[in-house]
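The values are calculated or read from the model by the stated rules, or taken from the named source; none is laboratory data. This one's a predicted model, so the numbers in the text were calculated from it and none came from an experiment. Cβ placement follows ideal geometry from the backbone for every residue including glycine, while neighbour counts extend to all protein chains displayed.
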Amino acid sequence: MERALDGIRILDMTHVQSGPSATQILAWLGADVIKVELPGRGDVTRQQLRDLPGVDSLYFTMLNCNKRSLTLNTKTDKGKVIFTRLLESCDVIVENFAPGALARQGFGWETIHEINPRIVYASIKGFGPGPYEDLKVYENVAQCTGGSASTTGFDDGPPVVTGAQIGDSGSGIHCVAGILAALIQRQKTGRGQRVEVAMQDAVLNLCRVKLRDQQRLAHGPLKEYPQYPGGTFGRATPRAGHASGGGQPGWCVKTRGDGPNDYIYIVLQPQGWEPFMKLIGREEMIGHPDYATPEARLPHLDDCFAMIEEWTRTKDKFEVMDILTGHNIPCGPILDMKDLLEDESLAARGTVVEVEHPERGVFKTVGNPIKLSDSPVEVTTSPLLGEHTEEILKDLVGYDDAEIEAARADGAI
Ligand SMILES: CC(C)(COP(=O)(O)OP(=O)(O)OC[C@H]1O[C@@H](n2cnc3c(N)ncnc32)[C@H](O)[C@@H]1OP(=O)(O)O)[C@@H](O)C(=O)NCCC(=O)NCCS
């Protein structure tokens, strides 16, 4: 069966997480992704956080499925010739080197556009143009500079970074959107264009509701958010603990058990109050003047969730979920990574998949989270370093065995 991006070839100069997460999605959507790696070393993550000696790490294998690997040193003369030919035959180049790295090698946007006016050039950097544009950036730097850390955690504690990789994989998915839009525009114009994603911008985009609150809360006392009504607004959007970012109060309450994740998140919609109070045997709260309406409950939300917690502590989180779901009350148990790795429904829909790797054997990974009805995804292994160098040089660059040997002797591949 055809896939959405069949016929699109990506020159993947990415490394670590942000860029590879983008090109892996493109590969799952059907693109031919050629990962360019430094000869003898490859993407640094091949060797980072290894769980098996001498075998590509899960860090690498889980971000580079369905790609081909070509080793190429683009700083050598022969490497530059090969790279130029590849630019001519690809639809997209994606890179997330430190700012200016590709231009220092002689491949700035103008040169790339001149070599192949149809190519889309996507890059991910820590910051956009401005005072920080030259900085190297990793995930948590982006979380801290994009607004996430200042708004995560509890109001009486320090800023907290989140486990979701919103700086890296969040930027990756923004990059995918930009590349797809540029490819569609190219169908009309025949021209490629630059797609620039700054990790700070991507994180701020994901923190949009917090920027909303910065402007909203400055207008008066803290109503509704972060569930400290009557409090005064300081300088900036405060950390909200478990409070929901939307208009409905929500909180994480304890369930039965001693585990660190024996909790469930519960959202109190206005229509949920009556069934909830009946369920936990607190009917007197339904018409109580301090609790009967959402506005009346606002100053008492701590009490509301304390009442609810008294009940949830008597059951495990899955029982609570079953019961609340039966009453149409939004809730979500805290699932840990072991729960998710073993979840049958995630496996059944290909969100958690098993992949056979030639050296490590079977490993599990997160499959394509974007499901298309006409573009099936089969998740295949990440490539070994340079596994496809010869076939790519023959097919796309037109090299014969002697030319490949010469490039190897020069350290270009
Ligand atoms: C992630 C990051 C901090 C890593 O920094 P780093 O390990 O020092 O790696 P760099 O990107 O600086 O690359 C190191 C060098 O290898 C070179 N290089 C990498 N692959 C190469 C190849 N195939 N051929 C030749 N040179 C290569 C680069 O050109 C660079 O050379 P230079 O220092 O002479 O300019 C940095 O790449 C960065 O800020 N990237 C943008 C933001 C980003 O994506 N961050 C999140 C990563 S998950």
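Values for this structure:
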quantity: Checklist (1) farther than 22 Å from Ser21 by Cβ; (2) surrounded by 16 or more Cβ atoms within 10 Å (Cβ to Cβ) applied to Arg104, failing item; calculated: (2)
quantity: Residues (touching a residue at least 60 places away in the same chain (Cβ under 8 Å) and either within 10 Å of the ligand (Cβ to nearest atom) or closer than 17 Å to Thr71 by Cβ (or both)) located in region 23-39; calculated: Thr23, Ile34, Lys35, Glu37, Pro39
quantity: All positions within region 127-163 that are within 12 Å of the ligand (Cβ to nearest atom) and not polar (S, T, N, Q); calculated: Phe127, Gly128, Tyr132, Glu133, Asp134, Leu135, Lys136, Val137, Tyr138, Glu139, Val141, Ala142
quantity: Cβ-Cβ under 6 Å pairs, at least 6 apart or on other chains, region 137-151 side of a type in the set (Asp, Glu), far side in a helix (DSSP H, G or I); calculated: Glu139/Asp168
quantity: Filter result for Gly367 (of a type in the set (Gly, Ala, Ser) and crowded, with 18+ Cβ neighbours inside 10 Å); calculated: yes
quantity: Region 163-175: number of residues that are surrounded by 15 or more Cβ atoms within 10 Å (Cβ to Cβ), assigned to a loop (DSSP other than H, G, I, E, B) and not hydrophobic (A, V, I, L, M, F, W, C); calculated: 2
quantity: Selected residue [within 16 Å of the ligand (Cβ to nearest atom), touching a residue at least 60 places away in the same chain (Cβ under 8 Å) and more than 17 Å from Gly126 (Cβ to Cβ)] from Val197, Val176; calculated: Val176
quantity: Residues being within 9 Å of the ligand (Cβ to nearest atom) and either in contact (Cβ under 8 Å) with a residue 24 or more places away in the chain or hydrophobic (A, V, I, L, M, F, W, C) (or both) - total across region 104-126; calculated: 5
quantity: Residues satisfying the stated conditions in region 85-103, i.e. over 19 Å from Ala182 (Cβ atoms), within 11 Å of the ligand (Cβ to nearest atom) and in contact with a helix residue (DSSP H, G or I) (Cβ under 6 Å, 6 or more places away or on another chain); calculated: none
quantity: Condition broken by Thr14, with the remaining ones in (1) within 12 Å of the ligand (Cβ to nearest atom); (2) of a type in the set (Ser, Thr, Tyr); (3) out of contact with any strand residue (DSSP E or B) (no Cβ under 6 Å at 6 or more places or on another chain) satisfied; calculated: (3)
quantity: Any hit, region 265-286, residues being touching a Cys at 6+ places or on another chain (Cβ under 6 Å) and at pLDDT 95 or above; calculated: yes
quantity: Boolean, Ser21 is in contact with a Pro (Cβ under 9 Å, 6 or more places away or on another chain), under 26 Å from Arg104 (Cα atoms), at pLDDT 95 or above and not in a loop (DSSP other than H, G, I, E, B); calculated: no
quantity: Residue among Glu354, Glu387, Glu378 that alone is in the same structural domain as Ser69 (by TED's automatic domain parsing) and assigned to a strand (DSSP E or B); calculated: Glu354
quantity: Qualifying position, being surrounded by 23 or more Cβ atoms within 10 Å (Cβ to Cβ), more than 26 Å from the chain's Cα centre (by Cα) and among the β-branched types (Val, Ile, Thr), among Ile34, Ile25, Ile82; calculated: Ile82
